[in-house]
Amino acid sequence: MMTTQERQHDGQRTPVADIAHDVPRNRPQPNGNAAMNHDLAPDGTEKHNANIGIAVIAALLANVMVAVVKFVVFMITHSASMLSESVHSLADSGNELTLIIGNKLSHRPPSRKHPLGWSRARYLASFIVAVSLFAIGGVYSASESIAKIREVVSGGPQAHAVDTHSMAIVLVVTVICAAIEAWSLHNGIKEAKERFEETHDPGPFSLIKFWKGTKSSDLAVVLAEDTLAVVGLAFAFLGSLLAILTGDEIWDAIGGTSIGVLLIVGALLLGAQVASLLIGEGASDHTYRVITQVLADNPDVERVLADPAAMHLSEKRILVLLKVQFRNETELDDAAAINRLEEQLRAAIPYYTLDIVVEPDTYDPVKAAKVEDWVD
């Protein structure tokens with residue numbers, strides 16, 4: 001960003017401070033950084049990805065249906081595994097609502113208090129979901145199932161007796177619920193593949209590769225929840241099946257405990273992933289390569305004075321900071337060069353909304369490539 005800007009006026013150079021007086025006071029001015037980014041809507045919000053993904057809606061519908069069924073079955077069978085799964089699905093339903101609220105907040109327009117808008121509200125919502133999954137889904141389920149184990153162990157042989165009819169109902173319900181959760185997971189994987197092909201390196205889709213590189217916290221949450229749900233139902237099925245085969249209720253309680261431990265581990269992994277995004281995660285290697293190539297091919301750029309910085313404000317919105325030396329040292333030509341550079345970057349990365357800040361400077365070998373150069 002230039003410390004001084006001047007314009008030609010009647011053969012003289014007019015300081016930028018005087019230019020402000022030429023702007024009519026009654027002319028409406030855009031809020032926040034809407035003026036600096038033509039990829040944004042007039043109110044400064046993102047044009048892209050305005051609606052919540054279909055994967056989140058599908059997950060919400062699936063979890064509501066499954067939670068109701070599981071609670072009814074738990075009331076009939078008193079299965080520890082089914083209680084753990086019921087709490088899990090109820091927590092997941094609340095989590096999807098949290099993601100939808102976070103998406104809604106993320107489209108609030110910029111203001112003086114939040115000059116870059118509320119884009120990262122999605123990351124905050126996703127982090128709340130991870131905490132909820134840990135505390136409600138994991139810790140509560142595990143504690144209830146452990147209490148069931150103690151009750152069975154201390155209750156004598158009679159406490160180990162299995163109601164075969166009830167366990168059979170649990171088996172059937174777990175299969176039905178697994179099919180519903182698998183449908184939701186299928187929608188999430190399908191959406192993940194679409195986003196992967198749009199913004200990642202060319203190559204075959206990999207769910208692990210997507211998980212490691214995605215900046216979509218809401219989709220990461222849905223994939224994690226649905227995967228945990230399918231695996232958890234497998235634990236519930238296995239625990240109930242072993243209870244029937246052995247005639248020992250302890251296996252049902254062990255199945256419920258396994259589900260709780262699974263949710264705790266999954267929530268910790270999800271929390272670490274979302275926390276990285278919330279703190280401020282950089283763009284992918286592919287995006288950095290594109291930015292570097294644009295700078296290398298730009299005839300106006302004499303030298304790149306510091307490594308480009310590109311940080312995701314949301315899945316589809318990146319803040320790009322560039323510090324370069326242009327070939328022509330006059331400030332008016334710098335302004336034109338900046339506009340050309342911005343146009344080239346947006347043309348090369350059309351799938352992202354870019355907030356671009358270019359600071360023209362001259363090469364100083366003492367300060368070259370230091371992070372401190374960004375704060376001067």
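Quick look at the values:
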read-out: For residue 166, net neighbour charge (Lys/Arg +1, Asp/Glu -1) across residues whose Cβ lies under 15 Å away; value: -3
read-out: Listed residue pairs exceeding 26 Å between alpha carbons, taken from 70/104; 70/148; 70/212; 193/323; 70/215; value: 70/104; 70/212; 193/323; 70/215
read-out: Cα centroid separation, region 52-95 to region 231-259 (Å); value: 18 Å
read-out: Summed residue charge, Cβ within 13 Å of residue 133's Cβ, Lys/Arg positive, Asp/Glu negative; value: -4
read-out: Kirkwood estimate for region 134-242, i.e. one over the average of 1/r between Cα atoms, Å; value: 16.6 Å
read-out: Per-peptide average of other Cβ atoms within 10 Å, ordering 309-317, 215-223, 176-184 highest first; value: 215-223, 309-317, 176-184
read-out: Relative intensity, log₁₀ I(q)/I(0), of region 72-150 from a Debye sum that treats every alpha carbon as a point, q = 0.13, 0.14 Å⁻¹; value: -0.52, -0.57
read-out: Whole-Å semi-axes of region 285-369's equivalent ellipsoid (Cα gyration tensor); value: 21, 15, 11
read-out: Region 285-369 - percent relative contact order, Cα under 8 Å, separation 6 or more; value: 34 percent
read-out: Listed peptides 264-277, 131-144 by packing density, highest first (mean Cβ within 10 Å); value: 131-144, 264-277
read-out: Burial ranking of peptide ranges 286-297, 64-75 (average Cβ count within 10 Å, highest at the top); value: 64-75, 286-297
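Computed from the coordinates by the stated procedures, all read-outs in this text should not be read as laboratory data. What you are looking at is a predicted structure, and each value in this text was computed from that prediction instead of being measured. Positions of Cβ are generated from backbone atoms using ideal geometry, with glycine treated the same way; all protein chains shown enter the neighbour counts.
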